[in-house]
1. Find the sum over both chains of the accessible area lost when A and B are paired, probe 1.4 Å, and report it in Å² to the nearest 100.
2. Straight-line reach from residue B:210: which lysines fall under 20 Å, measuring Cα to Cα and dropping same-chain residues less than 8 apart?
3. What FRET efficiency comes out for the pair residue A:87/residue A:236, r = Cβ-Cβ distance, R0 = 56 Å, nearest 0.05?
4. Name the shape class, rounded, prolate or oblate, that the alpha-carbon gyration tensor gives for region B:1-57, where a ≥ b ≥ c are the square roots of its eigenvalues, rounded holds for a/c under 1.5, and otherwise prolate holds if a/b is larger than b/c and oblate otherwise.
5. Quick one: length gained pulling residue B:55 to residue B:74 fully straight, 0.36 nm per residue minus the C-alpha distance?
6. Order the following by accessible area, largest value first: A:275, B:146, B:320. Probe radius 1.4 Å; ligands, DNA and RNA are ignored.
7. Within a Cβ distance under 15 Å of residue B:109, other residues only, what is the Lys/Arg minus Asp/Glu net charge?
8. If you count only protein heavy atoms and use a 1.4 Å probe, how large is the accessible surface of residue B:309, to the nearest 10 Å²?
There are 2 protein chains.
Amino acid sequence: MASVEIVAVGTELLLGQLVDTNTAFIAQHLAEAGIDVHATHAVGDNRDRIAATIRAVIERAEGAITTGGLGPTIDDLTKEAVCDALDLGVELYEPALDQMQRMFAAIGRPMRGNNRKQAELPRGSLPLDNPNGTAPGFIAFRSDGKFVVSMPGVPREMKPMLVERVVPFLRERLGARETICTRVLHTIGLGESEVDHRIDELFRLSENPKIAILAHDFRVDVKIMAKATSVEAAQALIAPAQDEIERRLEGNIFGRDAATPASAINELLGAGGLKVALAESFTGGRIAAALTSVPGSSRNFVGGVVAYDNSVKIAQLGVKADTIAATGAVSAETAMQMAHGARVRFGADVALATTGIAGPDGGTADKPVGLAWFALDQGEAPTQTWRFELSGEREAIQQRATTIGLGILWRHLNRSIQQ
Amino acid sequence: MASVEIVAVGTELLLGQLVDTNTAFIAQHLAEAGIDVHATHAVGDNRDRIAATIRAVIERAEGAITTGGLGPTIDDLTKEAVCDALDLGVELYEPALDQMQRMFAAIGRPMRGNNRKQAELPRGSLPLDNPNGTAPGFIAFRSDGKFVVSMPGVPREMKPMLVERVVPFLRERLGARETICTRVLHTIGLGESEVDHRIDELFRLSENPKIAILAHDFRVDVKIMAKATSVEAAQALIAPAQDEIERRLEGNIFGRDAATPASAINELLGAGGLKVALAESFTGGRIAAALTSVPGSSRNFVGGVVAYDNSVKIAQLGVKADTIAATGAVSAETAMQMAHGARVRFGADVALATTGIAGPDGGTADKPVGLAWFALDQGEAPTQTWRFELSGEREAIQQRATTIGLGILWRHLNRSIQQ
């Protein structure tokens, strides 16, 4: 089958100032669509070298996929290099110019001449609109039908363009007949070795579907990948493995595929008609940020207090000064009063509180850096608390604590709403 | 000067199952040693394709640096491909065989025949011992003196080999007497095309130091890179360019090199002995999360309210219900009252408030998705407000608003503390 190669453009890649995550993202989506990639390349912001790389790629392969170098600055040269490599001129693509003019008007900034350059595309190419930025992508063709797909380098502009436009084009153009389907099961609250232990022999024995375990901080995903000639056939291979894995990891799978802990929580809150509030100390707003990442979360997430200073814990959440004096700000008692205060004052059904020591300073022999208390208050039943000692640097501790907090909230809602 | 290219070997890279961090690590160390890298590549575990890639590289460049594919398994084929590309046979490298035999004896496992393969190196090559694994690296030579450096793909085996053996070899071989120094200036509040416009002719004219513009969401970095025979000489080249760029972007450069908006804000708060509070609606805790990412931020960041629901804006921040009824939750008036409430109730010197529509739902003709109001209350002077219309998906809007909020806070502190 015809193959393609990926070309990432940017001098910063050759200087090692940026790890190229775009190439892996593109490669993964092409693999899932059954499109062969035989090589990937990175090249600097040099017109001749970009053009030479593209020429060499389309000698070997059916097409080149580039990312980066489409912006307005003088060292954005990918479009010029594609024109060189394919022997094409440029033409103005009006919709992109219109979009750019509207955008600059909206933010009240002048549009410079170098922005206009972005609305020009190689002659005869297929435009790829970019709703997330100013530079459109394009698919340009050589007279013999070989092609170059060019996308921006900014990940949030490139990713939707790849998934929505480029992958369908490539499947059609290259007649990809095998498809790879993937199902991801997201777990929370289990370690990697525990997940591995529970699904071990499935994991070893299965070639198609193939099963992989991917660990994040305090979260583990199980990935099931099947290859077949149709999506239906691939899904039929996935289904029995999925059933068995879901059985073995019951109570810890919060969602599938694109689900996040926050989207799962939001769904449970909606189903139960419940409202949640937060009282965050050392997670500093990260749990609130996660919950509000979900569209529509305003219906069930009331709000929270980032109670960094003790005075805020007292004034905004009603924690007793005596409690802080007696047990410290990082204690089960303080966490319980924070959760209680958040629930009552925000008029929520359930509230989660976090307090801990993110470091690098502030640890003691009794209360080391990484010590964390979580409390969940739901009104009727007694407030529950959890204690953890988290390892790592400040950022890792804050992120792990955020995942733990979301896990506590999800398991509570999952149990209480299923009952 | 002669250049090299990097070739990462491994099918998992072409399937996007692994992000290639080795290439960036190697590229960075070569850049610092003044060795030019004109391209990097990734290729699968396919003997012919690896050999073809290496052949193409040493036509263009003085040498190829490979990483990966030196292990004992059937799909480790880099050494064979290097022999193919350079037309060399193999010879046994005894010290590597000895080390392997000792290692297997120590762990009490039998040594397999496929392990012995790892102790064979291309004839005439320079061995690179691997104290952290079983596969030695090597530097193999073509009859005309062009060369291939091959290192393992496991980062903890590759990294010391690169730093201790390969970089000194390359400096010697390529006569790299130069070093590259880098200075990054971080701006906030200017678009990419505006920064480009202001430093345009510097940017075009300067070869050494070279100047590059890198854009993030509502943030732009300017990078100054100088090549010289010593660090001091490189820094002397950077200094005048830096002065000129700082002059042209005055009031928008919040920091250098490793600085973040949050670290710059934290420093200003510390210098001014000021305390800050937040009232976040549609940024949902992201500004608080950014501020608390900085160690020691608890000294100057008091806390904040994530006032997602209107009831929270009223009860926790004292926003008047009448105001919300008359002007809406997304309005200058509501933002001002939120900021005022946060400053007074949290006992802070300055407070920032955000309110907006992150979407995808909730927009109207009057108040579209992306509309955002920011307010800054500092007690004495009148409360300031800013209005934006942000484009993009929910996540992009939330992130841009976070950057804008941090920019507003930084500029205010920068002005008021410098006075």
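1. Working: alone 19750 and 19670 Å², together 33850 Å².
For A against B, buried area totals roughly 5600 Å².
2. Partners found: B:223, B:227.
3. Working: r = 47 Å, r/R0 = 0.84.
So the FRET efficiency works out to roughly 0.75.
4. Working: a/c = 3.74, a/b = 1.40, b/c = 2.66.
In terms of gyration-tensor shape, oblate.
5. Details: separation 19, 0.36 × 19 = 6.84 nm, distance 2.24 nm.
My answer for the length gained is 4.6 nm.
6. On the way: A:275 75, B:146 35, B:320 125 Å².
If we order A:275, B:146, B:320 from most to least accessible, we get B:320, A:275, B:146.
7. Details: positive: B:102, B:112, B:116; negative: none.
Summing Lys/Arg as +1 and Asp/Glu as -1 gives +3.
8. We get 50 Å² for residue B:309.
The values are calculated or read from the model by the stated rules, or taken from the named source; none is laboratory data. These numbers come from a predicted model, not from an experiment. All Cβ positions, even for glycine, are placed from backbone atoms using ideal geometry, and neighbour counts span all protein chains on display. Note: accessible area is taken over every heavy atom of the protein model, side chains too, but ligands, DNA and RNA are not part of it. Shrake-Rupley method; radii C 1.70, N 1.55, O 1.52, S 1.80 Å.
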